[in-house]
Structure formats: C-alpha cells, structure tokens
1. Quick one: net charge of ALA78's neighbours, Cβ under 13 Å, K/R +1, D/E -1?
2. Rounded to the nearest 0.05, what FRET efficiency is calculated for ARG35 and ARG86 with R0 set to 30 Å and r the Cβ-Cβ distance?
3. Wrap a convex hull around the Cα atoms of the stretch 34-126, take a quarter of its surface area, and give that in square nanometres.
4. Quick one: order TRP85, TRP116 from most to least accessible surface, probe 1.4 Å.
5. Given a 1.4 Å probe and heavy atoms of the protein chains only, how would you sort LEU92, LEU123, LEU46, largest accessible area at the top?
Amino acid sequence: MRRFAGTAAVLLAACAGTAALASPAAADSNAPYARGAAIINADGTLRSGKHVAQTRRLDTGRYCVTFDNTIEREGAIAVTQTHDWRRLNLYLPGASGCDGPHDFKIGSDDPRTGEWKDGVFTLAVL
C-alpha cells in the first residue's frame, strides 16, 4: 500500500507540472501582447485569430484580413511573418479591394521569381 501511495504522489506531481507547462502555450495562442492577430491559411481561411471579423483570399498570393471595430488600420503597426522560408510577405496598406478602415492587405510572393504565391502567414497588429 505504501508503494502505491508513493507512485500516486509522483504521478500527481508530474500531472501538475504538465498542466503548469501547458498554460503559457494556451495564453500565447490568444496573442496577449497584440491588439489583434491572425494566422491565415493559404486558401484565405482563418486558422486562429484575435479580433478578426473576416478573412479572404483576393487573388493568388493576396489576402485581406478585416479586424473588428476595435482595430483600425490608421496609425496601426502591422507585422506579418510567413510560415515558409521561401516566401516574402508584404503589407499593402490601403490597397484596392481591401481598403476599409479595419482592412489589412497582405501579399505573399516568392522572392526568387517575383511571382505572387499562396502561403500560410501570421499577421499581428500592435
């Protein structure tokens, strides 16, 4: 019986440690230091986001991310990062087809060819 109690205590402590380690990862998915954020799939659908109202693929390699009314493009700092090292993302503020006050247009291209290419990316608004 004593051996079982010791094993149970070790397992309980291991589970508590795992739960503590999992908590920061869950917090990171909510982008606590960004006013708004989005992970956009290559087809323009939203994988994960914060304050995102709508996303769409405008054309090959061009996307529009619309945030809710808490985030405006005017005066915002937008940071974008591709999920593929062979792509380069460009923030295209006020570009046609995505020029509303809450819209952010992102272009993704292949710098080796200069062609627009679809790809997964992250957008954060600070």
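The values are calculated or read from the model by the stated rules, or taken from the named source; none is laboratory data. Every value quoted in this text rests on a predicted model; they were computed, and no experiment measured them. All Cβ positions, even for glycine, are placed from backbone atoms using ideal geometry, and neighbour counts span all protein chains on display. Ligands, DNA and RNA are stripped out before the accessible areas are found, and what is left, the full protein with its side chains, is counted by its heavy atoms. Shrake-Rupley method; radii C 1.70, N 1.55, O 1.52, S 1.80 Å.
1. On the way: positive: ARG35, ARG73, LYS105; negative: GLU72, GLU74, ASP103.
Result for the neighbourhood of ALA78: 0.
2. Working: r = 30 Å, r/R0 = 0.98.
E(calc), rounded to 0.05, equals 0.50.
3. Working: hull surface 20.5 nm².
Mean projected area for the stretch 34-126: 5.1 nm², to one decimal.
4. Working: TRP85 210, TRP116 85 Å².
From most accessible down to least: TRP85, TRP116.
5. Details: LEU92 45, LEU123 0, LEU46 75 Å².
Most to least solvent-accessible, the answer reads LEU46, LEU92, LEU123.
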